Amino acid sequence: MFYLLRPWMLTVFIEFVIIWLFIRKEPGKLLLYSLLINSLTLPLATYSYIYLYPKLLLIESLVIMVEWIFLKFLLEINYTKALAISLIANASTFLVGYFL
């Protein structure tokens, strides 16, 4: 279980930075949102990939869609900006994870 702690912390931090680069206000709130969103999506994505359906592109697409909706409503921004944040944040964490 603890082997997931480092990837989770790294994901929360990277996605927080991406969100902050777009929003540039209330960093504490943005960190909390990143923590909450990734505490839901990362374990579900990891479990799904390992035990249910090992199709990375499908799982990442679902994660992007879920995070897109969460970001839209939590940050009270338009769908386009929320989608851009979700795509860039998840692409960034995927690439960092891939190279580590």
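Within segment 40-92, being surrounded by 18 or more Cβ atoms within 10 Å (Cβ to Cβ) and in contact (Cβ under 8 Å) with a residue 60 or more places away in the chain holds for Ile85, Ala89, Asn90.
Right, Ser48: closer than 23 Å to Arg6 by Cβ and either among the small types (Gly, Ala, Ser) or modelled with pLDDT of 95 or more (or both) or not? Yes.
Of Leu83, Leu40, Leu58, all but one fail to be under 21 Å from Leu10 (Cβ atoms), part of a helix (DSSP H, G or I) and of a type in the set (A, V, I, L, M); the exception is Leu40.
The values are calculated or read from the model by the stated rules, or taken from the named source; none is laboratory data. Please read these numbers as outputs of a predicted model, since none were measured by experiment. A quick note on method: Cβ atoms are made from the backbone with ideal geometry, for glycine too, and the neighbour counts reach across all protein chains shown.
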